[in-house]
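One structure is given below, encoded as structure tokens.
The values are calculated or read from the model by the stated rules, or taken from the named source; none is laboratory data. Owing to the predicted nature of the structure, the values given are computational and were not obtained by experimental measurement. Ideal geometry is used to build each Cβ from the backbone, glycine not excepted, and the neighbour counts take in all protein chains shown. Each accessible area value is taken on the protein alone, full model and side chains, heavy atoms only, with ligands, DNA and RNA left out. Shrake-Rupley method; radii C 1.70, N 1.55, O 1.52, S 1.80 Å.
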Amino acid sequence: MAERVAARPRSVGLLGGGVIGGGWAARFALNGVDVRLFDPDPGAARKVDAMLAGARRAYRKLTLAPLPAEGGLTLVRSVEEAVEGVDFVQESAPEREDVKRALLAAACRAAGPGVVFASSTSGLLPSRLQADMEHPERLTVGHPFNPVYLLPLVELCGGERTSPGTLDRAAAVYRSVGMWPLVLRKEIEGFVADRLLEALWREALWLVRDDVATVEEIDDAIRYGAGLRWSFLGTFLTYRIAGGEAGMRHFMAQFGPTLRLPWTKLTHVPELTDGLIDKIVAQSDAQAGDRSIRQLEELRDDCLVAVMQGLRTHRFGAGAVLDDYERALLDAGHPTVMPDDDDDLSPPLRLHSARVLSEWVDYNGHAHESRYLQVFGDASDALLRYLGVDAAYLAARGSYYTVETHLSHLREASAGDGLDVTTRVLGFDEKRLHLFHELHRSGDGVLLATAEQMLVHVDTSAGRAHPARPEILTRIAKLAAAHAVLPKPERAGRAIGVPAPR
């Protein structure tokens with residue numbers, strides 16, 4: 001996990017700020033990377049700012065982990081300015097070979113000797129794109145998918161003169177910002193994903209042309225059926241399951257012969273006549289109704305977030321990528337472990353802050369009660385990381401589980417309010433940890449809520465309580481001693497019993 005964070009570049013140069021380039025700007029900036037962007041379009045600043053705003057909105061729903069401080073975004077006037085002093089360059093110019101070649105050649109001359117270049121091209125061969133570069137070994141295709149700031153897939157395809165090290169370094173950069181790099185084994189037009197998409201697109205055009213289905217009916221066939229499976233299984237795993245206990249071999253024996261049937265017209269492309277184009281456009285307009293492109297983008301983002309978060313609970317497909325990314329963010333957001341030689345542990349202990357998001361607010365205009373529990377749970381997680389319960393500790397099958405919580409709601413929190421949590425250790429033994437949190441509004445310090453929690457240390461492989469490691473208990477003991485000087489907290493209801501510290 002630490003390797004992913006370390007691979008993150010300090011700054012990137014972006015050549016092009018359209019839909020793809022703007023998505024790259026959002027992906028990098030929201031992951032704490034400074035962005036230098038060149039685009040001659042006079043409206044580039046407005047478009048990228050709108051993309052960044054949309055990405056911020058999506059990320060608030062995508063993960064509860066603390067994102068790094070947002071990177072700066074600087075629009076520059078030349079290719080040379082865009083690549084000056086950066087660690088990585090992503091080209092996202094229009095899909096014209098001459099334009100991309102000229103941009104990459106100019107950028108390569110101006111950039112530092114160790115900078116890796118990636119092109120967002122969706123199908124052009126990297127061997128041709130690197131033909132005019134002084135250091136062609138530094139170029140790879142880095143083909144993303146829209147929206148770039150959400151979809152994790154990025155296809156890497158090297159050219160004839162691309163060095164293996166370039167592919168490795170580009171893959172590390174993409175992983176560091178929560179992406180899944182797919183390195184192609186061979187250089188080929190259209191790469192992998194777009195060739196698959198193109199096959200489906202051609203067949204869809206024939207179905208519309210021949211009045212077999214409308215554009216909405218075709219989309220329905222995907223989004224209510226195979227598309228849901230594709231989002232986590234893909235094609236081959238889906239068909240393997242369809243083969244039953246006998247697996248893929250049975251499937252191929254049973255359904256392989258149907259490939260010879262005239263079901264599709266993939267080798268016979270319909271002519272895009274004005275009549276066919278008009279039909280597709282009219283049907284697409286009807287399908288969209290009165291929803292604007294921006295509204296459709298927000299709907300798309302919300303649905304993608306929901307699917308990815310759902311997959312994360314099973315740690316499968318894109319959900320596993322999100323889970324790794326979120327764990328890296330949590331580690332980076334709370335990197336400090338309590339120093340063993342630090343005797344200054346004066347309370348209160350402040351390890352977690354948050355802000356009330358608009359999505360947290362209920363019909364009364366205040367934060368829903370479940371969000372208070374969420375914030376207190378995040379505060380407990382921050383304390384555990386402070387004590388040294390990190391990714392390595394969890395991987396070794398040790399963890400703390402919350403077994404009891406008592407909440408007291410004292411004041412309302414509204415959208416936009418900043419929140420600060422103070423935490424104290426009331427007691428502990430080798431298996432139990434007794435905590436008390438206070439939630440304050442930032443600025444005026446008003447006490448909004450309190451929570452008393454009992455946590456039990458467990459062996460996660462055995463599924464039962466187990467003593468914490470000695471170094472964790474030593475740190476807890478130091479905190480408990482420092483917190484013992486505080487007056488007893490005001491509790492709501494009965495207190496949770498725990499032995500006194502030993």
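State the extension gain, in nm to one decimal, for the chain segment bounded by Arg195 and Glu245, taking 0.36 nm per residue of separation less the distance between their alpha-carbons.
The span from Arg195 to Glu245 would gain 14.9 nm if fully extended.
Take every Cα pair under 8 Å in segment 346-502 that's 6+ residues apart, average their separations, divide by the length, and report that relative contact order as a whole percent.
Computed value for segment 346-502: 27 percent relative contact order.
Kindly express, to the nearest 10 degrees and within the range 0 to 90, the angle between helix 193-209's C-alpha long axis and the longest C-alpha principal axis of the chain.
Compared with the principal axis, the helix lies near 60 degrees.
Excluding residues on the same chain fewer than 8 positions from Lys478, give the lysines whose Cα lies under 25 Å from its Cα.
Of all the lysines, those that pass the test against Lys478 - Cα under 25 Å, at least 8 places apart if same chain - are Lys431, Lys488.
According to a simple spin-label model (label point 7 Å from Cα along Cα-to-Cβ), what is the distance in nm between Leu447 and Ala226?
Between Ala226 and Leu447, the label points sit 6.1 nm apart.
Quick one: check the C-alpha center-to-center distance for segment 237-315 versus segment 414-459, whole angstrom.
47 Å
Just going by the charge dipole of the chain, with Lys and Arg at +1 and Asp and Glu at -1 on Cβ, which of Gln130, Ala199, Val177 is farthest out on the positive end?
Val177
Project the alpha carbons of segment 146-205 onto their principal axes and report the range along each, largest first, in whole Å.
The Cα atoms of segment 146-205 stretch 40, 30, 12 Å along their principal axes.
Calculate one ³J(HN,Hα) per residue across segment 309-321 by plugging θ = phi - 60° into the Karplus curve 6.51 cos²θ - 1.76 cosθ + 1.60, and present them in order as whole Hz with x for glycine and proline.
5, x, 5, 4, 5, 9, 6, 9, x, 4, x, 5, 5
Could you do me a favour and compute the accessible area per residue for segment 203-296, 1.4 Å probe, result in Å²?
74 Å²
Say the cut-off is 25 Å between C-alpha atoms; which of Lys100/Lys186; Lys47/Lys279; Lys47/Lys186; Lys47/Lys100 go over it?
Distance filter (> 25 Å) returns Lys47/Lys279; Lys47/Lys186.
Using 0.36 nm times the number of residues separating Ala45 and Arg260, minus their current alpha carbon distance, what extension gain do you get?
Numbers: separation 215, 0.36 × 215 = 77.40 nm, distance 5.21 nm.
The span from Ala45 to Arg260 would gain 72.2 nm if fully extended.
Viscosity 1.567 mPa s, temperature 4 °C: what is the translational diffusion coefficient of the chain from Stokes-Einstein with a Kirkwood Rh over Cα pairs, rounded to a whole number of µm²/s?
The estimated diffusion coefficient comes to 49 µm²/s.
To the nearest 10 degrees, how steeply does helix 369-387 sit against the main Cα axis of the chain, on a 0 to 90 scale?
Roughly 80 degrees, rounded to the nearest 10.
Taking just the C-alpha trace of segment 53-183, give me its Rg and Dmax in Å.
15.0, 45
How much length is gained on full extension from Leu373 to Asp168, taking 0.36 nm per residue of separation minus their Cα-Cα distance? Don't skip to the end; give the middle numbers.
Working: separation 205, 0.36 × 205 = 73.80 nm, distance 4.17 nm.
Value of the extension gain: 69.6 nm.
In terms of Cα to Cα distance under 16 Å, which aspartates and glutamates are near enough to Lys265, apart from those fewer than 8 places away along the same chain?
Glu198, Glu203, Asp210, Asp211
Name the residue from Gly427, Gly112, Gly18 whose Cα lies farthest towards the positive end of the charge dipole of the chain, charges +1 on Cβ of Lys and Arg and -1 on Cβ of Asp and Glu.
So the residue we want is Gly427.
Eigenvalues of the Cα gyration tensor times 5, then square-rooted: what semi-axes does that give for segment 210-354, in whole angstrom, largest first?
Whole-Å semi-axes of the equivalent ellipsoid: 47, 27, 11.
Distance from the Cα centre of segment 399-413 to that of segment 343-382, in angstrom?
First find each Cα centre; the distance between them is then 10 Å.
Return the sequence-ordered ³J(HN,Hα) values of segment 458-468 in whole Hz as given by the Karplus equation 6.51 cos²θ - 1.76 cosθ + 1.60 applied to θ = phi - 60°, using x for Gly and Pro.
3J(HN,Hα) across segment 458-468, in whole Hz: 10, 8, 5, 6, 8, x, 8, 4, 7, x, 6.
Counting only protein heavy atoms, what percent of the accessible surface of the chain is carbon or sulfur at a 1.4 Å probe?
C and S atoms contribute 55 percent here.
Given Asn364, Thr162, His466, which one lies farthest toward the positive end of the charge dipole of the chain, if we put +1 on the Cβ of every Lys and Arg and -1 on the Cβ of every Asp and Glu?
The residue sitting farthest along the positive end of the dipole is His466.
How many percent of the alpha carbon pairs in segment 48-125 exceed a separation of 22 Å?
Values: 1245 of 3003 pairs.
Everything past 22 Å amounts to 41 percent.
Whole-Hz ³J(HN,Hα) for each residue in segment 101-111, computed from phi via Karplus 6.51 cos²θ - 1.76 cosθ + 1.60 with θ = phi - 60°, x for glycine and proline: what do you get?
4, 5, 4, 5, 5, 5, 5, 5, 5, 8, 7
Taking amide H positions as placed 1.01 Å from N in the peptide plane, with prolines and chain starts having none, which residues 5 or more places from Asn31, or on another chain, fall under 5 Å of its amide H?
Gly71
Ranked highest first by average number of other Cβ atoms within 10 Å, how do 413-423, 386-396, 291-301 line up?
Final packing ranking: 413-423, 386-396, 291-301.
For helix 164-176, what angle does its Cα long axis make with the longest principal axis of the chain, in degrees from 0 to 90 and rounded to 10?
Helix 164-176 and the main axis of the chain meet at about 50 degrees.
In percent, what relative contact order does the chain have, based on Cα pairs under 8 Å that are 6 or more apart in sequence?
11 percent
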